[in-house]
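The values are calculated or read from the model by the stated rules, or taken from the named source; none is laboratory data. This structure is a prediction, so every number in the text was calculated from the model and none was measured. Cβ: placed from backbone, ideal geometry, glycine included. Neighbour counts: every protein chain shown. We work out accessible area using only protein heavy atoms, side chains counted, and drop any ligands, DNA or RNA first. Shrake-Rupley method; radii C 1.70, N 1.55, O 1.52, S 1.80 Å.
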Amino acid sequence: MPPEPTGGPPAEAATRLLADGPSVINVGLESFATELAGQDRPVVHVDWVPPAGGDPRLARLLAKLLT
Amino acid sequence: MSRTNAAARIDIANAEALRRMLAGDPWLIDVVAARDVLPRLGQRRILHAGPPIDWARMCGPMRGAVAGIAVFEGWARDLSEAEHMAESGAFVFEPNHHHDCVGPMTGMTTPSQKLLVVENRAFGNRAYCAINEGLGKVMRFGGNDADVLDRIRWLTTEFGPALGAALRQLGGIALKPLIARGLTMGDEMHQRNVACSSLLLRQLAPAMARTSPGGEALARALAFIAGNDQFHLNVAMAMGKAIMDPARGIENSTVVTAMCRNGTDFGIHVSATGDRWFTAPVEMPQGLYFPGFSAADANPDMGDSAIVETVGLGGFAMAAAPAVVGFVGAGNAADALAITRLMREITVADNPEWAIPALDQQGVPTAIDIRLVVETGITPTINTGIAHRKPGVGQVGAGVVKAPLGCFTSALEAVAETMGVA
């Protein structure tokens, strides 16, 4: 059974989120960040793509050769 | 988390490749006849830019240059006969890189031509490149008419020997400090060489005056250098080759030791795999065109000049040359900074001796690691001239081209195989 919500810090965070709106870190698709910025929401975009463009075979090879 | 054994071995090998690159001490020392220094360059053997290619697959400007250089060498009476000879297999074609050479665009190297000699005094190796012909209709862009051939004859009979005599009188010119200064004066040494050409002229002029046989010949030689903003490009290319060759053949190293193109294919060499070529179809440059020309006239990218990017200059040093970024149609000064920063994502380290003022003296990004290229999908940015796709026309613009990812992917798989990693 998951623990019951107890209030406290998570609830405070939720309250702040509702009051102030979210601050967003967007990873990957830049269009999501652009959309939020267009609504005057604070957003930081992280330019990221999956290793080897998402090719699983090359990604496995890189895991052995690079990390 | 500890690194895998293979990754650690590659890191050690790449550190050695970087060490050799940074330790290089290139000097422009002489001008010599190709036949005197390239023993395997026999009759009717033509060296060209890029990876291996035969006549059937050569692009228009490469064919134009082949025909022109065959007439220059006296192997054919005219361009038409030269083309027929090429078609019938009368010439042997080999890459410059197989002969310690590099050549811009079409990159013709044949026995009678005079070659710049750059010696890497830290390792004792030498590299060669033909003398830059100037701008406009020139053989490196596929030009082959009488004016083009006459200029090459003059470079061979008058200018080349005069330049060689001056260099010998000087005891050579150290190139590392010249490049360092040029970077502070707005050159990136591929599409902008105006500062380095001027700095070279300042050093050469007194020696040329001392060694020149006569007043008019000296005047012609000095005017030729002074009138050619790209004079230093071929020096930078021979320098790049001289720096990179000692970094070849290091077991397990994934550092790129050469990038080049022949107008049809793009090819790379990687340290661990020595002289094995990894090729992919070459891309079209994106750039700006001279009045009267458009992208419809353009040939796909050509030349061994990407050896300049291989050592961390050219597109990798774009931040040093904000004037170039507009000339090649790649944006504004902020874009120039961004391009150099992007190239840091795929290189092993910065070169502290070649610093860029606009990046707070950060060194140029150095030693391209194919692992990082494949991981990020960021491919090297290369500044380039654009040739007309038809033989005999010449340069029609300048731009930027990306190295194709396929070369790096196949090279990575080959290195993995040599290491027993699947």
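Applying the criteria of a DSSP loop state and at most 10 other Cβ atoms within 10 Å to the GluC sites (Glu not before Pro) of the stretch B:309-393 yields no site.
Once all protein chains are placed together, residue A:64 keeps about 90 Å² accessible to a 1.4 angstrom probe. Any residues in the stretch B:387-422 that have 50 Å² or more less accessible area with all protein chains than in their chain alone, probe 1.4 Å, and which are they? Listed in order, they are B:412, B:413. Over chain B, Cα pairs under 8 Å with separation of 6+ residues give a relative contact order of 21 percent. Contact with the other protein chains removes 50 Å² or more of accessible area, compared with the isolated chain and a 1.4 Å probe, from none of the residues of the stretch B:1-42.
The convex hull defined by the C-alpha atoms of the stretch A:5-67 has an orientation-averaged projected area of 7.1 nm². Here is the tail figure for chain B: Cα pairs spaced more than 38 Å apart come to 15 percent of all pairs.
Figure legend: label point modelled 7 angstrom from the Cα of residue A:67 along Cα→Cβ; no residues of the stretch B:254-277 have amide N under 19 Å from it.
Give me the distance between the Cα centres of the stretch B:370-422 and the stretch A:45-61, rounded to whole Å. About 19 Å separates the Cα centre of the stretch B:370-422 from the one of the stretch A:45-61.
Per residue, the protein assembly as shown exposes 40 Å² of accessible surface when a 1.4 Å probe is rolled over the protein heavy atoms with every protein chain present.
Report the accessible surface area buried between chains A and B, summing both sides, using a 1.4 Å probe on protein heavy atoms only, in Å² rounded to the nearest 100.
Separately minus together, A and B give about 1300 Å² buried.
Remark: mean inter-chain Cβ contacts per residue of A:42-50 equal 1, using a 10 Å Cβ-Cβ cutoff to other protein chain atoms.
The mean number of Cβ atoms from other chains found within 10 Å of a Cβ in peptide A:55-67 is 6, as a whole number.
In a reduced charge model with +1 at each Lys and Arg Cβ and -1 at each Asp and Glu Cβ, the stretch A:13-65 shows a dipole moment near 380 debye about its Cα centre. In a fully extended conformation the segment linking residue B:8 and residue B:122 would gain 38.3 nm over its present Cα-Cα distance, using 0.36 nm per residue. For the pair the stretch B:47-91 / the stretch B:116-155, the C-alpha centres are spaced 17 Å from each other.
How many percent of Cα pairs in the protein assembly as shown exceed 32 Å?
43
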